[in-house]
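Have a look at the structure below, then the notes.
The numbers here are math on the coordinates, done by the rules we state, and not lab data. In this text the structure is predicted, and so the values were computed from the model without any measurement. Heads up, the Cβs are rebuilt from the backbone with ideal geometry, glycines too, and the neighbour counts pull from every protein chain shown.
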């Protein structure tokens, strides 16, 4: 198989400004390599990530959505990431009940010091999405 | 609106230029709507680069700016300043991070280039939805309210008064000094407490810009950082005084764990069972005697009383209990002392030495569990399990209990009406345990001393000094306060008054307008996390600069 034939998914990655975005930057300054599938979008706090945004992203053709935030207890805004976690669990259930693949969603805590973890999560999640293949629901459902 | 967007791609020396085919990026975005110019430049953050950008903005009369370069954590502010200088609103700018999160992490140049195109296009799509935002400035009051006249409150008052700040020091008792007034000596140097603390109290009384309220309590604190309105009530005279301050320090200290919750120690039931505080007072009065006025021949000190109930180590009990051994030996040289501990906590550069020097004849340290105290004639019998789990007994004349520290009762009251949250052990919660240990989630409210958690006199003073530094560097006379610009906004017409956002906000920035039955954001308190936006069931809340539309347009373009 030629290199070009490997499916490069499109993965939307929400990063909170304070921990995860800094962690992803650290992966860069450390020159850690991970797939170009990861498309970062910065938000101030992971709790800003409205489940509807994730759903819309998914229906717009992203093959996977990764939400990252500070570790629990380390949120820059006290407890935002607890809300993120709760909403994420709920969204997974909504995905399941709509017949969408909830395996295409992932939540991960990445601190500003965890460049390595970010690169690892990005690589593993890309691999996972490669196994699932292209997002079949894209452009089929309108919201 | 007629947008004129300029897109500038930074080569960042070889950093981006070698990893990304910049010409392809230029080609990909040039024909997009509203794009006036797309250029590459060797180093945009340099002085020459900034001047170049300024000239470009003017030359093309740009309304919006997109820079594809490094992380916004590096140079977002740099380019926002450029915008300001070139007279375009700094929020009509977007930085695409094609270095840290693209060039540096993607080996394959073709893939890196494709990703850079996506990120740049996404930034362009986002900037189209940006709205200009204006900085706000609010006058601030440099005065400070300090609640609690113990060592933390005294130290903070003195330090702040040295910088010519007006201080309002509120103490519930009729005297200043707090718990420390009961102590004869401080460990580990065993110097008298009174000299140092009395001197500070005398100094404080002489300083004209410290206004002391004794027998008083704070009844109300309203407002926000720089502008708090305070009401203080004198408990005796019943009169209420109101004044304004810019910052508040909670230095409410601690009290002892209620030993009545642990009846196995026989406190209150048997004579000659004392709390550590009662023993300090007895020692201070120079009369260490039993109830029958005889001198005790043997004393047991029981450490960690209430530790299991509280679920935390109170940090100072081991050290002050060892200090009691010194007190006892100084007063009654041939006394026998048995220390029952569960874990000795003696960290720090001088505490181990203090402990080692306190050992000697007739001083035992026993690691014990399941302690139970009963009366045996005139004496007290302590039954316990030793380290090998064997039941043993020990008979002594007197027992001193070293109970856990818990927050003062005032903490809960203050927390309730100020909304500053309590954390572990019901002590005031720090904004961040490691990174912001003396700030709280309410901007302008600080915590010092045992109000934050059990701690020694030296740690209390360190915290009081830390609070002083925080206040002096953030609340500067004559300097206006710039609240966060990217705050939440609630649409009057969409809000259904469900109050979901009120519960969620960690900062108490949202209040309910009973008249119109809608929630209202106090823009001065809001920190702009956006949690309420995601929670609002009617989509009535918008976070400025992170609106649904802005984020959605950004991600939609990235996936094209």
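Quick notes on this structure:
- Helix B:548-559 vs. chain B, principal-axis angle (Cα, 0 to 90°, nearest 10): 60
- DSSP-defined antiparallel bridges as percent of all bridges, segment B:259-404, nearest 5: 40
- Tilt relative to chain B, helix B:151-162 - C-alpha long axis, 0 to 90 degrees, to 10: 50
- Taken residue by residue and averaged, Cβ atoms of other chains lying within 10 Å of the Cβ of A:8-15 number 3.
- Per-residue ellipticity at 222 nm from helix content only, as computed over the protein assembly as shown with -39500 (n - 2.57) for each DSSP H run of at least four residues, stands at -10000 deg cm²/dmol.
- Compared with the dominant Cα axis of chain B, that is its longest principal axis, helix B:317-331 is turned about 30°.
- Put in order of Cβ neighbour count within 10 Å, fewest first, the listed residues B:98, B:240 become B:240, B:98.
- Rounded, prolate or oblate (a/c below 1.5 giving rounded, otherwise prolate when a/b exceeds b/c) for chain A by Cα gyration tensor: oblate
- For chain B, the calculated P(r), taken from all Cα-Cα distances in 10 Å bins from zero up to the bin holding the longest distance, is 3, 14, 19, 17, 15, 13, 10, 6, 2, 0 percent.
- Over chain B, relative contact order from alpha-carbon pairs under 8 Å, at least 6 apart, %: 14
- The stretch between residue B:381 and residue B:433, if pulled fully straight at 0.36 nm per residue, gains 14.5 nm over its current Cα-Cα span.
- Panel order for B:35, B:204, by other beta carbons found within 10 Å of each beta carbon, from fewest to most: B:35, B:204.
- As a length-normalised measure over Cα pairs under 8 Å and 6 or more apart, the relative contact order of chain A settles at 37 percent.
- Shielding by other protein chains, B:64-77, mean Cβ within 10 Å: 2
- Note on B:312, B:265, B:552: ascending count of other Cβ atoms within 10 Å places them as B:312, B:552, B:265, the fewest first.
- Relative contact order computed over segment B:488-544 (Cα-Cα under 8 Å; 6+ residues apart), in percent: 47
- Inverting the pair-averaged 1/r between distinct Cα atoms of the protein assembly as shown gives 29.3 Å as its Kirkwood hydrodynamic radius.
- Within 10 Å of each Cβ in A:70-83, the average number of Cβ atoms from other chains: 4
- Radius, Kirkwood style, for segment B:5-133 when every pair of distinct Cα atoms is counted (Å): 14.2
- Two-decimal log10 I(q)/I(0) for segment B:259-404, as the Debye equation yields it once each C-alpha is a single scatterer, q = 0.09, 0.11, 0.15, 0.20 Å⁻¹: -0.25, -0.37, -0.72, -1.37
- Taking 0.36 nm per residue of separation and subtracting the Cα-Cα distance, full extension of the segment from residue B:58 to residue B:220 would add 53.1 nm.
- The antiparallel fraction among DSSP beta bridges confined to chain B stands at about 45%.
- Antiparallel beta bridges, as assigned by DSSP with both residues in the protein assembly as shown, represent about 40 percent of the total such bridges.
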